[in-house]
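Since the structure comes first, as structure tokens, the remarks are kept for the end.
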Amino acid sequence: MNEILKVENLVKKYNDSYAVKNVSFTVNKGEVLVIIGASGSGKSTILRCINQLEKIDGGNVTINEDSMIKEMKNGKVIYNTKDILNKMNLECGMVFQNFNLFPHLSVLQNVTEAMVHVLKLDYKEAENKALKILENMGLKGKERKYPCNLSGGEQQRASIARTLAIAPQIIFMDEPTSALDPELVGEVLKVVKKLASQNRTMVIVTHEIQFAKEIADRVIFMCDGKIIEEGIPKDVIDNPKKKRTKEFLKRYSN
Ligand code: ADP
């Protein structure tokens, strides 16, 4: 197994309350890990901590050979050097619930932006790559449009295209369909499935249980900041062992 992400005893507190309590898991290259659990159980916080959008209070995150935390000192985490953290950040791509596209940039500019400013590609090369990625996301013909002129499903597909632009080693998706009208959910799930079929490594938080079953190599069920159950979808979703997983699935499956 080719381990690409290792989360060890991750702790995140807001004020004095734990959002994430000693969470550990690993993800192998090409694997799709789906995280399910009720609202407020810490799923989003885990993704935000790995993507350096939140500071962590304990534990560590390792991507390939690089670790986020260098050491613990007097009970506090000491982050690694800026260079290592930047490198780790480039290896991660995040897709948000609310798309987070730049509203003043066209779809094409949204996708080329990081290629030009972060990866330092020249504009023509970035544009060629972006056009291919957008076509792959089913957005041919929408390149010059602005986010406000797209449907929610198109905006989320553009946001996935933007994430793919930096060629991240791991793609994180935080409830990618929960802001969409029901009739637009399918088109986004379809492109996510396409990425899975291309052997992309992904960690996806979702309430779409049927989708989770179809796409996940492994499922984690979270409750109160902790992992309660973990395994293949056939076990965790079809045959959960823990009472809290059973209760959750009763509410969310239809
Ligand atoms: P989920 O993604 O499973 O819905 P979250 O990770 O968003 O859960 O939240 C986990 C817990 O952390 C919740 O109790 C939530 O209220 C709390 N929390 C999340 N973000 C913040 C924040 N910025 N400030 C204070 N509390 C927060």
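Each value in this text was obtained by applying a stated rule to the coordinates, not by laboratory testing. Fair warning: this is a prediction, and the values are worked out from it, not measured in the lab. Every residue, glycine as well, gets a Cβ built from its backbone with ideal geometry; the counts of neighbours run over all protein chains shown.
Just round it to a whole percent: the fraction of Cα-Cα distances in the range 37-102 exceeding 15 Å.
Working: 1224 of 2145 pairs.
For the range 37-102, the share of Cα pairs beyond 15 Å comes to 57 percent.
Say the dipole of the chain comes from +1 at the beta carbon of Lys and Arg and -1 at that of Asp and Glu; which of S67, F102, Q156 then lies farthest toward its positive end?
Highest projection toward the positive end goes to S67.
Quick one: length gained pulling N28 to N64 fully straight, 0.36 nm per residue minus the C-alpha distance?
12.0 nm
Given a Förster radius of 30 Å and the C-beta distance between I84 and E135 as r, what FRET efficiency does 1/(1 + (r/R0)^6) yield to the nearest 0.05?
On the way: r = 35 Å, r/R0 = 1.16.
My answer for the efficiency is 0.30.
Based on the Kirkwood radius over alpha-carbon pairs, what value in µm²/s does the Stokes-Einstein equation return for the translational diffusion coefficient of the chain at 25 °C and 0.890 mPa s?
It comes out at roughly 130 µm²/s.
Report the net charge of residues surrounding I170, where surrounding means a beta-carbon distance below 15 angstrom and charges are Lys +1, Arg +1, Asp -1, Glu -1. Write out the running numbers ahead of the final one.
Values: positive: K6, K29, R48, K87, R200, R218; negative: E3, E31, E65, D66, E91, D174, D217.
Net of charged neighbours comes to -1.
For a 32 Å ceiling on Cα separation, which of these pairs sit above it: K55/K124; K70/K129; K87/K129; K73/K246; K82/K243; K87/K246? Before the final figure, lay out each step's value.
Numbers: K55/K124 37 Å; K70/K129 36 Å; K87/K129 21 Å; K73/K246 40 Å; K82/K243 43 Å; K87/K246 40 Å.
From the list (K55/K124; K70/K129; K87/K129; K73/K246; K82/K243; K87/K246), the Cα-Cα distance tops 32 Å for K55/K124; K70/K129; K73/K246; K82/K243; K87/K246.
Helix hunt in the chain: which complete DSSP H runs extend at least 18 Å axially by C-alpha with mean Kyte-Doolittle at least -1.0?
Working: long enough: 123-136 (19 Å, -1.06); 152-165 (20 Å, -0.58); 182-197 (23 Å, 0.53).
Membrane-span-like by this criterion, though nothing is claimed about a membrane: 152-165, 182-197.
Could you give me D for the range 171-254, from Stokes-Einstein at 25 °C and 0.890 mPa s, where the hydrodynamic radius is the Kirkwood radius over C-alpha pairs? Units µm² s⁻¹, please.
Rounded, D is 182 µm²/s.
Can you work out the PRE-style zone for A167? Point 7 Å along Cα to Cβ, and I want the residues of the range 60-80 with backbone N under 20 Å.
63-66
Under the 0.36 nm per residue contour assumption, what length would be gained going from the current alpha-carbon distance of S151 and H117 to full extension? It would help to have the intermediate numbers written out before the result.
On the way: separation 34, 0.36 × 34 = 12.24 nm, distance 2.72 nm.
Here the answer is 9.5 nm.
Hey, any idea what Rg/Rh is for the range 1-128, computing Rh the Kirkwood way over Cα pairs? Don't skip to the end; give the middle numbers.
On the way: Rg = 16.7 Å, Rh = 16.6 Å.
In the range 1-128, Rg relative to Rh is 1.01.
Full extension from E214 to E8: what is 0.36 nm times the residue separation minus their Cα-Cα distance, to one decimal in nm? Don't jump to the answer; show the numbers that get you there.
On the way: separation 206, 0.36 × 206 = 74.16 nm, distance 2.72 nm.
Gain in length upon complete extension: 71.4 nm.
With +1 assigned to the C-beta of every Lys and Arg and -1 to the C-beta of every Asp and Glu, and no other charges, what is the dipole magnitude of the chain about the Cα centre in debye, to the nearest 20? Before the final figure, lay out the partial values.
Details: 38 positive and 32 negative charges, 56 e Å.
It works out to roughly 280 debye.
Take E125, project a point 7 Å from its Cα along the Cβ direction, then tell me which residues of the range 143-167 have their backbone nitrogen under 16 Å from it.
Of the residues in the range 143-167, 165-167 have backbone N under 16 Å from the label point off E125.
In nanometres, what is the gap between the two model label sites at K226 and L249, each 7 Å from Cα along Cα-to-Cβ?
So the label points at K226 and L249 sit 2.0 nm apart.
Could you list R251, R48 so that the one with the fewest beta carbons within 10 Å of its beta carbon is first and the one with the most is last? Mind showing how you got there, number by number?
Numbers: R251 10, R48 20.
Going from sparsest to densest Cβ surroundings: R251, R48.
Per residue, how big is the convex hull of the range 124-234 when only Cα atoms are used? Give it in Å³.
Numbers: hull volume 13.3 nm³, N = 111.
Spread over its residues, the Cα hull of the range 124-234 gives 120 Å³ apiece.
Between K73 and L53, what FRET efficiency follows from the Cβ-Cβ distance if R0 is 30 Å, with the result rounded to 0.05? Don't skip to the answer; put the middle values down first.
Details: r = 23 Å, r/R0 = 0.77.
Between K73 and L53 the formula returns 0.80.
Could you work out the percent of alpha carbon pairs in the range 116-160 separated by over 15 Å, rounded to a whole number? Please list the in-between numbers first.
Numbers: 450 of 990 pairs.
Of all Cα-Cα distances in the range 116-160, 45 percent exceed 15 Å.
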